[in-house]
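What follows draws every value from the coordinates through simple rules; no lab data is involved. If you're wondering where the values come from, they're calculated on a predicted model, not measured in any experiment. Every residue, glycine as well, gets a Cβ built from its backbone with ideal geometry; the counts of neighbours run over all protein chains shown.
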Amino acid sequence: MKNIDAHNHVRGESVYLDDLPLQQGTLFACVFDSPVAHGRIREIHLQEALDVEGVVQIILAKDLRGENQIGGIIPDEPLLADGHVHFQGMPIALVLAESEESARAAAKKITADIEPLEIITDPRVAFEKNELIIPPKRFRLGDTAGAFESCNHIFEGRADVNGQEHLYIETQGAYALPTEGGGLKIYSSTQGPTAVQRAVAKVTGLPMHRIEVEVGRLGGGFGGKEDQANAWAALCAVGAQLTKRPVKYSLNRVEDLRMTGKRHPYSADYKIGLDQNFKIKAYEVVFYQNAGAAADLSPAVLERTLFHCTNSYFVPNVNATAYSCRTNLPPNTAFRGFGGPQGMFVIESAIVHAAEQLGVAPALIQQKNLLKTGDEFPYGQLAESEAESSWDQAIRQFDFETLRRETADFNAKNTHLKRGLALMPVCFGISFTKTLMNQARALVHVYTDGSVAVSTGAVEMGQGVNTKMLQVAAQTFSIPPEWVKVHTTNTLRIANTSPSAASATADLNGKATLLACEAILNRLKIVAAEELYPNEDSARHAAAIHIKNGLVWYDDQPTTLDWKTLISAAFAKRVNLSEHAHYATPGVNFDWTTAKGHPFAYHVYGVAAVGATVDCLRGTYEIDFVKAVHDYGKSMNDAVDFGQIEGGIVQGIGWMTLEELVYDAAGKLRSNALSTYKIPDIYSVPKVIEVEPLQTDRSNLAIFNSKAVGEPPLMYGIGAYFAIRDAIRAFRPEAVPAFDAPFTAEKVLLCLHELQAEYAA
Ligand code: LUZ
Ligand code: MOS
């Protein structure tokens, strides 16, 4: 089945926030944000801005009717700066004007007298000064100290990995409309309609039931709109509340880049111990997360880093510690993988470090330590592992020995071009690690003409979730897809939604849709039995009835009753043709007092082989191929899932190679435009992306035996980093570059010529 949005998108007819027709009297917002990263506000000068033609009002923290607070996990984030500023880009004042131009012109005329305070941008410096967002989190398994004593080989080092800009095509934005009786209707480009509703309730002082949040679709989210859509919606809401006029704010790209948080940069120290057979016996790791100036989702991201700190490997003795360090950068936030990729990069670095020093291929150590079913993760859950099966299938199906030989042959024949190869296994846990978030709702109406309307808590952000929801309804009722319409995500139709995140959106909302459709279907079967066999035992006959392609069948024989007639009959009999269903993932739990539990419904496994060619004169490189065996489960929609896998791989490679986020010592974002922040384009994508489904008959918990597909493929991109490193070592075998992602062409060039920092061998 085609993605139901394909036609709209290609014709430019899909409606995003900025396409909404505006109501008469709409005001436009723009914020004045902090020009310095840390300081105490002495005075704000507004007069010149108020004099700009078209300016209606300028709102400061003191004007809010509710609480000046939007922190989701920890209440540590004011909506508008009150006394202090903590990062460059922190909103201080909200300008409302009759036009976008007036609002932006006025915001530029505001100045503030700010007493500078010390600026911290490095998480290790923040750690030294005890600037922690939350107390440290730890996972322990076995006894690392004892295990290291019996190890034959021990390696210690440091790994650094930078952040990443989400670069959703549609920037952040919201449109708030006052409704009768002092309520608000908010259109928001958000992954989390309920998170927006909650934030708006807090800053306006209104109860949640007076606030309607409506989300049509997003032009991308990637985690950047899981919580960080809240601020813009809250600002518009405050403006609408105070002026009683509609208020719209759609950020331009430069504002968005400057004011919003990104993927968390991490710095880490590792210590890995192996026995004489290259079995990893012990792993110690300390993560320093650069959280930015407020908690945002950092504590949850930090936890997921720990959950993935051993990737696809079984390590019997683990001691992992993670610090969420407060710095004067915009609060960093969710980003596809949610801290997991950073944790995986560090153990992959440790393994490569060991392999380089032992003179063996990293793949040898990787392969010897893959998880087996029954192995315990450091957090207590037992693996139902596909790590070895996906590894073996990848080696076989992609003929890894030939790839290796071709790489060696190429390198023997070429002096200035060198090829590198890496294998990247991935094991990613599916479920929100916060157990209560693993619930969803769906509302299904069958109308009297037989057409079906579906609403769920899922937000369509380009990932194709609406197509999947439509498939669930059409398949469950067995009616043509054209008879089903999936509607917008709206907090009046679906309450208390979890954000569309954690790769779990189709799993959770799909199951809720299935439950709703099944409930209606069961009622319809009784009606069909009554229609076909009046005055007989309808419950008995109903058991023999099913619907196939819009027609009622009895015991594998078609009947004369069709879907539309059946619906009319049900309505005439006053049977309920609507259902609101709730789904909660069974069996998940986690206890942070012991740091043990069963947080994930299941894991997604896979292995990618990544090949790169480095131009050793220029330091430039190309990714030749990514060949992955990936655990889809039984895909609900191959085209949609392949799109997710392809996109994830390219985004992961971008993070590991080209994309270089640069903040200077003053906390100013230097890579603040697309001229200075390079993202993957058609020229830099791998020349070949080949994805093979893992052949397995294990049954899955997810909808229709599928598996979550949103985040796991991103981590195959980590293989690109190590493939480039492998090529560098083909050129200069003694090279041992420090583990420091991204591997920009500039860094590669320096590594090729011994000008980049190396780890102490
Ligand atoms: N968001 C969240 C996520 O709130 N909790 C999670 O565990 C998560 N995991 C991945 C991506 N987003
Ligand atoms: Mo996310 S990182 O919002 O799944």
Please provide three numbers in whole Å: the alpha-carbon extents of the range 151-201 along the principal axes, with the largest listed first. 73, 25, 12
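Per-residue counts of other Cβ atoms within 10 Å, averaged by peptide: what ranking do you get for 293-305, 672-684, 556-568, 487-499, highest first?
293-305, 487-499, 556-568, 672-684
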For the chain, rounded, prolate or oblate, judged on the Cα gyration tensor with a ≥ b ≥ c (square roots of eigenvalues), a/c < 1.5 rounded, else prolate if a/b > b/c? oblate
Let me check against my output: what whole-number percent is the relative contact order of the chain, with C-alpha pairs under 8 Å and at least 6 apart? 14
Reachable aspartates and glutamates from LYS678, Cα under 14 Å, same-chain residues fewer than 8 places away excluded? GLU165, GLU659, GLU660, GLU746
Can you tell me the order of 4-10, 446-452, 593-599 when each peptide is scored by its average per-residue count of other Cβ atoms within 10 angstrom, highest first? 446-452, 593-599, 4-10
Tell me, how many Å apart are the Cα centres for the range 188-241 and for the range 321-347? 24
Note on the range 597-669: contact order normalised by length, alpha-carbon pairs under 8 Å, 6 or more apart, percent, works out to 21
Filter LYS225/LYS248; LYS418/LYS687; LYS225/LYS262; LYS2/LYS485; LYS627/LYS747 down to the pairs with a C-alpha to C-alpha distance above 19 Å, please. LYS627/LYS747
Output ³J(HN,Hα) for the range 400-416: one whole-Hz value per residue in order, computed from phi by the Karplus curve 6.51 cos²θ - 1.76 cosθ + 1.60 with θ = phi - 60°, and x for Gly and Pro. 4, 4, 5, 4, 5, 5, 4, 5, 5, 4, 4, 5, 5, 8, 10, 9, 9
Compute the separation of the alpha-carbon centres of the range 562-628 and the range 511-539 and state it in Å as a whole number. 30
Could you size up the charge dipole of the range 184-281 around its Cα centre, putting +1 on the beta carbon of Lys and Arg and -1 on that of Asp and Glu, and report it in debye to the nearest 20? 140
Based solely on C-alpha atoms, express the radius of gyration and the Dmax of the range 439-584 in angstrom. 15.7, 51
For the chain, with only Lys/Arg (+1) and Asp/Glu (-1) charged at the beta-carbon, what is the dipole magnitude about the Cα centre, in debye rounded to 20? 660
Quick one: if the Förster radius is 45 Å, what FRET efficiency do ALA544 and LYS372 give, using the C-beta to C-beta distance and rounding to 0.05? 0.50
Global geometry of the range 323-426, whether rounded, prolate or oblate, following the gyration tensor of its Cα atoms and the 1.5 cut on a/c: oblate
Relative contact order, percent, of the range 231-308 when contacts are C-alpha pairs under 8 Å separated by at least 6 residues? 19
Cα-based reach from LYS468 at 15 Å (exclusive), listing aspartates and glutamates while leaving out same-chain residues under 8 positions away: ASP5, GLU460, GLU482, ASP507, ASP638, ASP641
The chain: antiparallel bridges as % of DSSP beta bridges, rounded to 5, reads 80
With n ≥ 4 as the cut-off for DSSP H runs, can you work out [θ] at 222 nm for the chain, using -39500 (n - 2.57) per run divided by the number of residues, rounded to the nearest 500? -9000 deg cm²/dmol
Which aspartates and glutamates, on any chain, are close to LYS202 with Cα under 20 Å apart, when same-chain ones fewer than 8 places away are left out? ASP63, GLU67, ASP76, GLU77, ASP82, GLU180, GLU212, GLU214, GLU226, ASP227, ASP296
Could you state the number of Å between the C-alpha centres of the range 693-761 and the range 1-79? 38
How would you rank 377-388, 509-520, highest first, on the average number of other Cβ atoms within 10 Å across their residues? 509-520, 377-388
